[in-house]
Structures are given as structure tokens and as C-alpha cells.
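The structure appears below as C-alpha cells.
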Amino acid sequence: MTADRTAATAAPPTKTTTAPAPPRRKRNWAPAVFLLPFFIPFVLFTLVPVGYAFYQSLLKTERTGGTFGRKTTVFAGLDQYKEVLGDSEFLAGVGRVLLFGLVQIPVMLLLALVLALLLDSTVARLKRFFRIAYFVPYGIPGVIAALMWAFLYDPRLSPVVELLDEVGSAPDFLGSSMMLWSIGNIVTWTYTGYNMLIIYAALQAVPGDIYEAARMDGASEAKIAWRIKIPILRPALMLTGVFSIIGTLQLFTEPQVLRSISTSVTSTYTPNLAAYSLASSDNYSEAAAMSVTLALATFVLSFAFLKFTGRKDGS
């Protein structure tokens, strides 16, 4: 009886409860879907060609049995890259485009910045007309633009050269000493309007209240441009700078067109032209190695430019 009473008064056993498992988060695939229109062409038309070019650069074509023997493709490893990096003409072409970029890119971006600031000023008139007028050169195909400027450079046909000759100053635009800057003039004329639109679009995204507050504080238009607009435009200038670096190392159309009318432009005048000439002579492996080397140089220079400008921006 006592045992039964003790069992009845004993506390009931406690139940062990476990915390509920956190609900599983559903993956949001919307960003990936929106990235597909960019990612698919990027893979198909950038990564795949570069990967195939790298594969081709590891091969080498040899002939067995003399000059008219059978062609065989063998694995060459990095031999093609040793030949490319030891090619003095290719290295001279790289140095040529680097000098071209050091001079042409700052001049072009400065012109684009000035034009964008002028269009954004309060005293500008006919803004829509001038936006179109500045952009028109970019809409002209590169070959047509190069042919047009070749006509203006040719001393036998150009009215500009004839006029300068009458004045007593007739520079040889197609000579070896001026050819690089003649090409730079074509590139600047073509792409200044394109870069100007990028910079001008960045200016349009800035709230007008900032400018109004500065004017109420007595700031002039020049001071507003220097103290407010240009610092705000730094990301746009970085973007146009990267685009210009990539375009400079890919310089091809203008020298290729001018090559037909001037002996100053050789088949290795620029790295891109040198790779094209090698591929035209069925030397695909070395051309592929040259192209991969050029792609790596473009990546390194663009990354270094972004790191330098980003560090300056952070300071």
C-alpha cells in the first residue's frame, strides 16, 4: 500500500523536447536567370575561343620527308610562347601600342570629358543635336573611316595636304615618323563621341539638387564642374579607361587599311596585325600563342589600371 502511494505521488517523467529545425531557405534563381543573356554569349564567344586558342598554342605543325612532305601536328608545350616572347618584331609592336595608348587614351578621354561637361552645362543649347553629331563618327564603320582619313592623308589626293603645302608646312602623315599618330587621330575621332555618351549618361544620373545647392553657395559653373562633377564621374572614367586599354591592344583595322597605301605599316606593326599575318600564312599555332599572350597582357593591364584607380579613389 505504501509502495503504491509512493508511486502515485512520484512526479511524472519529463518529456525531452527538441528545437524545431529552421525552415530551409528556398534558393532564388532569379539573378541567375537574368545573368543568362550575358553569361551564355560570354562563354560561347569569349571563353570557348580563348580556350581553343590556348589548346592550339600547345601544338606545332611539322613536315616529314622534306619541304613537300606530309604535315603532322605534334604537342609542343610552351615552345610557341618562347618563340613569341623572343620575337623582336612582336615585342616592338607591343611597345608601339603601349606608347600609342599612353598618349592617345588620355587625349581622347580628356576630349570626351570636356564635351560631356559642355553638354551638361546650363548654357548649352541644341544638346540633342550635338549629342548626335558627336556620336556620328562612332556609327561609321571602321574600314570606311580609315579609308576616308587615308584619302585626307595621301599627298597625291588630299586637299588638306595641298593647303598645308601652300602655307609652307606639309607633314608626311603616312611617313614612318607620323604614322602612329595618324592612326591615333583616326581612333580619337571615332571613339571620342562614344566615350562622351558614357560620361554624359553618368552626369544625367546625378540629382540636380546638388548643383543647385552649390550655386546657392556661390560656386561658379567651372568650380561645380571641377569640385563636384569630375569626382562623381570617376567610375565612368574608369570604365571608359578600361575599354580604351582593351581597344588599344586590339588595334587592327586602321593599320590594316593604311598598310595598303603606305609602306610604313608592316605586317607586325601591331600585335593583333602580327597574329593575323601569322594565321594568314597557315602558322596557326604561333598565331594562337600570340593571341593568348595578347589576351593575358590585356587582362593584366586592365586589372592594374582598375587597382591603381580604385586605390586612388579609396584614398
Top to bottom by accessible area (1.4 Å), largest first, where do I246, I132 land?
I132, I246
With a 1.4 Å probe and all protein chains left in place, how much accessible area per residue does the stretch 124-234 have, in Å²?
60 Å²
With 10 Å bins from 0: P(r) over the stretch 145-230, alpha-carbon pairs, percent
15, 29, 17, 17, 18, 5
Förster radius 25 Å - calculated FRET efficiency between I198 and F38, Cβ distance, rounded to 0.05
0.85
If each residue of separation counts as 0.36 nm, what is the full-extension length gain between R215 and L102 once their alpha-carbon separation is subtracted?
37.0 nm
Name all residues of the stretch 141-170 having a backbone nitrogen under 13 Å from the label point set 7 Å from the Cα of W181 along its Cα→Cβ direction, giving them as ranges.
170
Over the stretch 156-315, what per residue volume does the convex hull of the Cα atoms give, in whole Å³?
171 Å³
Expressed as an acute angle from 0 to 90° and rounded to the nearest 10, what is the orientation of the C-alpha long axis of helix 179-204 relative to the principal long axis of the chain?
40 degrees
If the chain between L239 and R70 were fully extended at 0.36 nm per residue, the gain over the current Cα-Cα distance would be 55.9 nm
Spatial separation of Cα centroids for the stretch 121-183 and the stretch 264-315, in angstrom:
27 Å
Summing -39500 (n - 2.57) over every DSSP H run of at least 4 in the chain, dividing by its residue total and rounding to the nearest 500, the 222 nm mean residue ellipticity is -21000 deg cm²/dmol
Binned at 10 Å from zero, the C-alpha pair distances of the stretch 71-114 give percents of 23, 26, 24, 16, 9, 2
Taking a ≥ b ≥ c as the square roots of the eigenvalues of the Cα gyration tensor, with a/c under 1.5 meaning rounded and otherwise prolate when a/b exceeds b/c and oblate if not, the chain is oblate
Can you tally the net charge around A202? Count Lys and Arg as +1, Asp and Glu as -1, for every other residue whose Cβ sits under 11 Å from the Cβ of A202.
+1
Under-23-angstrom lysine pairs by C-alpha in the chain, whenever the two are 8 or more apart or on separate chains
8
When the accessible area of the chain is split by element with a 1.4 Å probe, what percent falls to carbon and sulfur?
66 percent
Most to least packed among 27-34, 50-57, 123-130 [average Cβ atoms within 10 Å]
50-57, 123-130, 27-34
How far, in degrees from 0 to 90, does helix 127-139 lean away from the longest principal axis of the Cα atoms of the chain, to the nearest 10?
70 degrees
Compactness of the stretch 78-237, expressed as Rg and Dmax over alpha-carbon positions, Å:
20.8, 67
Between E89 and V50, how high is the FRET efficiency from 1/(1 + (r/R0)^6) when r is the Cβ-Cβ distance and R₀ = 30 Å? Nearest 0.05.
0.80
Can you tell me which of 134-144, 112-122 comes out highest on packing, and rank the rest after it, using the mean Cβ neighbours within 10 Å?
112-122, 134-144
Cα shape, the stretch 258-302, gyration tensor, a/c 1.5 rule:
oblate
Rounded FRET efficiency, nearest 0.05, which uses the C-beta distance separating V160 from T263 and R0 of 25 Å
0.75
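The values are calculated or read from the model by the stated rules, or taken from the named source; none is laboratory data. The structure presented is a predicted model; accordingly, all values stated were derived computationally and were not measured. Because the Cβ atoms are built from the backbone with ideal geometry, glycine has one as well, and the counts that use them run over all protein chains shown. Just so you know, the surface numbers come from the protein's heavy atoms only, side chains and all, with ligands and any DNA or RNA stripped out. Shrake-Rupley method; radii C 1.70, N 1.55, O 1.52, S 1.80 Å.
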